[in-house]
Amino acid sequence: MTSTGQENLETVMIDFFGALRRGGFEDAAALLDPDITWQGLREDWVCHGREEVIQTFRWGLDKRRDVDALEFIRAGEQVVLGARGPGISKVGDEPLEGQIFNVFTLRNGRIVRIVDYRRRREALAAAGVTENAGWC
């Protein structure tokens, strides 16, 4: 059974991030495919498997970055998450411009891949969003 874009959006936005926010790391891990990969901004920044991905999210939550805005965009089997704020100045020693974007790919209700992007247009293109996804 294939999930709809709305179901995928809710899985990422409500179920996955809700579980992380509550400290429900086991619940969040259950939404990840066992063979998930997370490709960071650098080629050598890759997480493989549920445990590495959850550990990376734990690390990020411990940092408690100051975020002004979050944006979620559904795109079929993918969901784009954008985060903006003064606390998003760098990841490791990689400088950022106050924003970062993640493209989550889902299959059958599970997150199978996450890829990081510096810019919104790159993330949207990777997710196949060709129409203007901006706010009016």
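The values are calculated or read from the model by the stated rules, or taken from the named source; none is laboratory data. A quick note: this is a predicted structure, and the numbers were derived from the prediction, not measured. Methodologically, a virtual Cβ is constructed for each residue, glycine included, from the backbone with ideal geometry; neighbour enumeration extends over all protein chains shown.
Residue by residue, here is whether (1) charged (D, E, K, R); (2) within 21 Å of A28 (Cα to Cα); (3) in contact with a strand residue (DSSP E or B) (Cβ under 8 Å, 6 or more places away or on another chain); (4) at pLDDT 95 or above holds:
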position: L61; (1), (2), (3), (4): no, yes, no, no
position: D68; (1), (2), (3), (4): yes, no, yes, no
position: G85; (1), (2), (3), (4): no, no, yes, no
position: F104; (1), (2), (3), (4): no, yes, yes, yes
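Filtered by the rule that a residue be surrounded by 14 or more Cβ atoms within 10 Å (Cβ to Cβ) and not in a strand (DSSP E or B), region 77-86 gives E77, G85. Given the condition touching a residue at least 40 places away in the same chain (Cβ under 8 Å), farther than 17 Å from D15 by Cβ, surrounded by 13 or more Cβ atoms within 10 Å (Cβ to Cβ) and in contact with a Gly (Cβ under 7 Å, 6 or more places away or on another chain), answer yes or no: does some residue in region 97-116 qualify? So far as region 97-116 goes, yes, one or more of its residues are touching a residue at least 40 places away in the same chain (Cβ under 8 Å), farther than 17 Å from D15 by Cβ, surrounded by 13 or more Cβ atoms within 10 Å (Cβ to Cβ) and in contact with a Gly (Cβ under 7 Å, 6 or more places away or on another chain).
Report, by residue number, each residue of region 52-71 that is part of a loop (DSSP other than H, G, I, E, B), charged (D, E, K, R) and under 15 Å from L96 (Cβ atoms). Even if it seems obvious, please write down each step before you answer.
Keep residues of region 52-71 that are part of a loop (DSSP other than H, G, I, E, B), which gives 64-68.
Next, only the ones that are charged (D, E, K, R) stay: 64-66, 68.
Result: R65, D66, D68.
Every residue in region 5-45 that is of a type in the set (G, A, S) and either farther than 20 Å from W59 by Cβ or touching a strand residue (DSSP E or B) at 6+ places or on another chain (Cβ under 9 Å) (or both), please.
Selection gives G5, A30, G40.
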